[in-house]
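What follows is a short report on a single structure.
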Amino acid sequence: MKTMPLLINLGKAITLIAWLMMAYNLAIPFEGKVAIILNILFAITCMMHCFQVAIFHMLFKTLLPLAKQDYLQVFIFGIFSLLAYRQRVMGANERQNEGQTS
């Protein structure tokens with residue numbers, strides 16, 4: 001399952017490019033209807049990522065020590081950060097279970 005971290009990082013890169021395009025459009029709007037569409041997508045993306053930060057807080061606050069940087073990563077990268085933190089928790093649980101069975 002080594003492809004999962006690669007896919008997560010690829011998704012993060014694509015998400016970052018999307019954020020940069022939407023931010024650029026706020027500073028220097030594109031021509032025509034593209035600017036309006038990107039503004040709408042920006043608003044929807046912000047709402048969805050805020051919702052994902054709330055989910056992240058509810059699910060992971062008891063499982064991992066969380067810092068502001070963790071919340072920022074989830075806000076920026078959304079589901080791809082959630083998947084990365086999920087893998088971290090699952091890896092810790094597997095190591096803990098191995099320690100109990102040995």
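The values are calculated or read from the model by the stated rules, or taken from the named source; none is laboratory data. Small disclaimer: the values here were computed from a predicted structure and weren't measured. Cβ placement follows ideal geometry from the backbone for every residue including glycine, while neighbour counts extend to all protein chains displayed. Each accessible area value is taken on the protein alone, full model and side chains, heavy atoms only, with ligands, DNA and RNA left out. Shrake-Rupley method; radii C 1.70, N 1.55, O 1.52, S 1.80 Å.
So which of MET4, MET48 is under 13 Å from the mean Cα position of the chain (by Cα), part of a helix (DSSP H, G or I) and in contact (Cβ under 8 Å) with a residue 24 or more places away in the chain? The unique qualifying residue is MET48. Annotation note: Cβ proximity below 6 Å between a residue of segment 14-37 that is on the phi < 0 side of the Ramachandran plot and a residue that is open to solvent by less than 90 Å² (accessible area, probe 1.4 Å) and not in a helix (DSSP H, G or I) (sequence gap 6+ or interchain) occurs for ALA35/PRO29. On the given criteria, is GLN96 among the polar types (S, T, N, Q), open to solvent by less than 60 Å² (accessible area, probe 1.4 Å) and in a helix (DSSP H, G or I)? So GLN96 fails the test. A single member of LEU20, LEU16, LEU59 is at pLDDT 95 or above, part of a helix (DSSP H, G or I) and surrounded by 12 or more Cβ atoms within 10 Å (Cβ to Cβ), and it is LEU16.
From the list PHE42, PHE80, the lone residue that is assigned to a helix (DSSP H, G or I), open to solvent by less than 80 Å² (accessible area, probe 1.4 Å), without any contact (Cβ under 8 Å) to a residue 24 or more places away in the chain and closer than 20 Å to MET21 by Cβ is PHE42. Scanning segment 41-50 turns up no residue that is of a type outside the set (Gly, Ala, Ser), on the phi < 0 side of the Ramachandran plot and in contact with a His (Cβ under 9 Å, 6 or more places away or on another chain).
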